[in-house]
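Below is one structure, written out as structure tokens; comments come after it.
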Amino acid sequence: MTTGRDTPLVHLGDTSFRRKDVIAGYHDMLEALAEFRDADARPWDAVTQLEFYGALRSAAPDIFGSGGRVSADDAAKRARTYTSALVKLGFVDDQRRLTPLGILFIGADNAALDGFDTRCSITAENSAVLRGALTYTEEAGGLRYFPVRLLLRVLHRLGPLSTDEFALAFIAGARVFGPDVTAVADGVRAMRTGGGSLTEALGAAERTLEQDHYIVSGRFTPEAFPNGKGPAFIERYRVYLDALSAFREQPDAGTLAQLRQAVDHGGPTVKKRFDPVGMLPGLRKKGSGALAIHQEALYPQWHGEAAAFRHAMVDLFNGSRTTALVLEYLDNNLRILTATGLLSVAGNQVSLSSAYARYFFATVDEDMAVPAPAPPSAADRVRGLAHAFGADALARTDARIIAEEAIDPTAIQGFLEAQERRRFDEVIAASFGPDTVRGYLQLIADDYRSAEVNTVREKAFRGKPTVPCMYEYLIGLSLYYASGRAFDPRAAFGLSLDGDFLPISHAPGLRGDIEFDLDGRRILVEVTLMDPNTQRRGELEPVLRHATNLACEQPDSPTLTLFIANEIDPNVARIFGFARVMEMRPTDGGAGTACPLIVSLRTADWVQIADAPLSQVLDLVAAEQDRTDVEHLNSAWNTELVAALRALA
């Protein structure tokens, strides 16, 4: 039985913000909000909303500045609805000021990670999305509850869910079954075993007592066919259903004329809810008689009993509205939930992807109370899971792993890492093999703004990352392959990955893009698609800073840095070369000085070099460390080195 139409369908985001790279979009908005609301004591109203949207268009013109002029009313509305998703996740308060959780999301502060995060190998950004999603609340039948906790408990009972089952459980579950784990799980199980569709399940579950009375008696009431736009629209439903029933029972010229008139009078609202054009194909044919139209009708139970026909019409009314909304919300909900780094949608199956998370949530299942006594506070929302579910949650999870897998306590970390590495290799082998990665990088090398590159982004990456983020990921994979898979890519990549190991946002500016150990060396790789004329302003300082900090952190180990870009500014490459003779101090509060070795490579060069074993490449690069005379550093040494590296392949 439905809990009532006042219970909303669950949507973590907002459909007005139509971006596939939703996480990058949230970054844009939060960074703009942080600057806009800094020292601004004004309330969040139509005036500040309008001003903020203007600031947002200036801060991210490629995304929010397109589409020409926007009216003041529309701009304020967009600012309000776009940021509503940030409120839901707890990244901003209702006055659109950043909360500690929002600061964690854009600041990517690894110091805020707890034991759960590190065991799952998720970033601070993933953790912020997870914390926000787990503390997001809705109301159903006057009861506040946690939708994501409800989903996790259903997953624990039923295992992986199809996307239709996920839509029923997460988006519509509390609306049609109430916020009860057993009821929702039973509803999904019934759809699964009965072989029914999502539309059928939603239609059946959405029927109200008033609709049941209509099915039995045939008496139309406004309560049976509600519409939020008012009685005029409900009257159009009544007129159409009366005319349709009369035509179904007695098809003649008179009832056909009434039916055509009801369709015209009903307009879009009747066409959307009852699809007369699709269900009565003969209506579109000129000269079709009443009997021909009646014979071709496609409505369910058209030739059945009157009550069965009314039953089908009620389900059509419910399904056409509810299913459309559920499907509209589905993609965005999945994008946000997979951004936690824990949920996978591979093969259209929604499941917990992290090996550790599966054990953890099974262990704390009974502790994840779905009803919520009160809305979460800012302090509640920023707490990590190791604190949220009790200090012993991690210990209890370890005990579960030991018991189920029959392993020694000291082997837990190695067991989990092996599970994740195995899954990573399986996932990328399916879509991102070595040849495929090199092919995608060559497309970027040719023209990263091309339609071909955007097609790769849409199809291979599901539209989630920006092109620069996608480029960073592909460079990282090519390094992984060139190394013989000798390092853990999840630990090496600075960017955030979703639950299917797809990139969702750039590495934060605190550290380098890619860092890993190989053959006793610490390797830093910085990648960019900045044009040469902007590299001095945008890349010179951060690359020098990251390379210096890394070298100072590891004074007893050799380090080297690769700078990879589509094109290289020659002055930038020359300055990077001279870094090996300059004693530079770290900027992160560390001690000592360093003279970092930095080599610059074009994407096209790296595509060729990546065929060679990475150990040989790095040996040749490292040989440059001691070549410090000014004449050499002022020569074409970088170009000559690249030629030698290409010869290795």
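The values are calculated or read from the model by the stated rules, or taken from the named source; none is laboratory data. No experiment lies behind these values; they were computed from the predicted model shown. Glycine gets a Cβ as well: all are built from the backbone with ideal geometry, and neighbour counts include every protein chain shown. Side chains included, ligands, DNA and RNA excluded: accessible areas come from the protein's heavy atoms. Shrake-Rupley method; radii C 1.70, N 1.55, O 1.52, S 1.80 Å.
How many residues are touching a residue at least 40 places away in the same chain (Cβ under 8 Å), in a helix (DSSP H, G or I) and surrounded by fewer than 23 Cβ atoms within 10 Å (Cβ to Cβ) if we restrict to region 78-102?
5
Keeping to region 118-176, report how many residues are assigned to a helix (DSSP H, G or I) and either under 20 Å from Ala190 (Cβ atoms) or polar (S, T, N, Q) (or both).
Taking region 118-176 first, the residues assigned to a helix (DSSP H, G or I) are 118-120, 124-134, 147-158, 163-171, 173-176.
If we keep only those that are either under 20 Å from Ala190 (Cβ atoms) or polar (S, T, N, Q) (or both) too, we end up with 118, 126-127, 150-151, 153-158, 163-171, 173-176.
Matching residues across region 118-176 total 24.
With the structure loaded, tell me whether Val437 is part of a helix (DSSP H, G or I), farther than 22 Å from Pro613 by Cβ and among the β-branched types (Val, Ile, Thr) or whether it fails that test. Reasoning before the result, please.
Values: part of a helix (DSSP H, G or I): yes; farther than 22 Å from Pro613 by Cβ: no; among the β-branched types (Val, Ile, Thr): yes.
For Val437, the condition - part of a helix (DSSP H, G or I), farther than 22 Å from Pro613 by Cβ and among the β-branched types (Val, Ile, Thr) - is not met.
Give the residue that is most open to solvent (accessible area, probe 1.4 Å), with candidates limited to residues of region 153-180 that are touching a strand residue (DSSP E or B) at 6+ places or on another chain (Cβ under 7 Å) and of a type in the set (Gly, Ala, Ser).
Residue satisfying both the conditions and the ranking: Ser162.
Among the numbered criteria (1) without any contact (Cβ under 8 Å) to a residue 24 or more places away in the chain; (2) buried (at least 16 other Cβ atoms within 10 Å of the Cβ), which one does Leu597 miss?
(1)
Scan region 136-145 for residues that are of a type outside the set (D, E, K, R) and open to solvent by 20 Å² or more (accessible area, probe 1.4 Å) and jot them down. Give the steps one after another, and end with the answer.
Here is the first cut: in region 136-145, the residues of a type outside the set (D, E, K, R) are 136-137, 140-143, 145.
Thr137, Gly141, Gly142, Leu143, listed by residue number.
Kindly establish whether Phe309 is in contact with a strand residue (DSSP E or B) (Cβ under 7 Å, 6 or more places away or on another chain), part of a helix (DSSP H, G or I) and either in contact (Cβ under 8 Å) with a residue 40 or more places away in the chain or open to solvent by 40 Å² or more (accessible area, probe 1.4 Å) (or both).
It is false that Phe309 is in contact with a strand residue (DSSP E or B) (Cβ under 7 Å, 6 or more places away or on another chain), part of a helix (DSSP H, G or I) and either in contact (Cβ under 8 Å) with a residue 40 or more places away in the chain or open to solvent by 40 Å² or more (accessible area, probe 1.4 Å) (or both).
Every residue in region 311-344 that is over 35 Å from the mean Cα position of the chain (by Cα) and at pLDDT 95 or above, please.
Selection gives nothing.
Any idea which of Thr436, Thr363 is crowded, with 18+ Cβ neighbours inside 10 Å and of a type in the set (S, T, N, Q)?
Thr363
For the subset of region 376-427 comprising residues that are open to solvent by 80 Å² or more (accessible area, probe 1.4 Å) and within 30 Å of Arg97 (Cα to Cα), which member is modelled with the lowest pLDDT?
Selected residue: His387.
When region 554-579 is examined, which residues are found to be crowded, with 19+ Cβ neighbours inside 10 Å, in contact with a Ser or Thr (Cβ under 9 Å, 6 or more places away or on another chain) and not polar (S, T, N, Q)?
Keep residues of region 554-579 that are crowded, with 19+ Cβ neighbours inside 10 Å, which gives 559-566, 568-569, 572-573, 576-577, 579.
Restricting the remaining residues to those that are in contact with a Ser or Thr (Cβ under 9 Å, 6 or more places away or on another chain) gives 562-566, 568-569, 572-573, 576-577, 579.
Leu562, Phe563, Ile564, Ala565, Ile568, Asp569, Val572, Ala573, Phe576, Gly577, Ala579 - these are the residues of region 554-579 that are crowded, with 19+ Cβ neighbours inside 10 Å, in contact with a Ser or Thr (Cβ under 9 Å, 6 or more places away or on another chain) and not polar (S, T, N, Q).
For Thr48, indicate whether it is among the β-branched types (Val, Ile, Thr), touching a residue at least 60 places away in the same chain (Cβ under 8 Å), surrounded by 13 or more Cβ atoms within 10 Å (Cβ to Cβ) and out of contact with any Cys (no Cβ under 7 Å at 6 or more places or on another chain). Talk me through it step by step, then tell me what you get.
On the way: among the β-branched types (Val, Ile, Thr): yes; touching a residue at least 60 places away in the same chain (Cβ under 8 Å): no; surrounded by 13 or more Cβ atoms within 10 Å (Cβ to Cβ): yes; out of contact with any Cys (no Cβ under 7 Å at 6 or more places or on another chain): yes.
No: the conditions fail for Thr48.
Hey, does region 326-337 have a residue that's of a type in the set (Lys, Arg) and touching a residue at least 60 places away in the same chain (Cβ under 8 Å)?
Within region 326-337 (the criterion being of a type in the set (Lys, Arg) and touching a residue at least 60 places away in the same chain (Cβ under 8 Å)), the answer is yes, since at least one residue qualifies.
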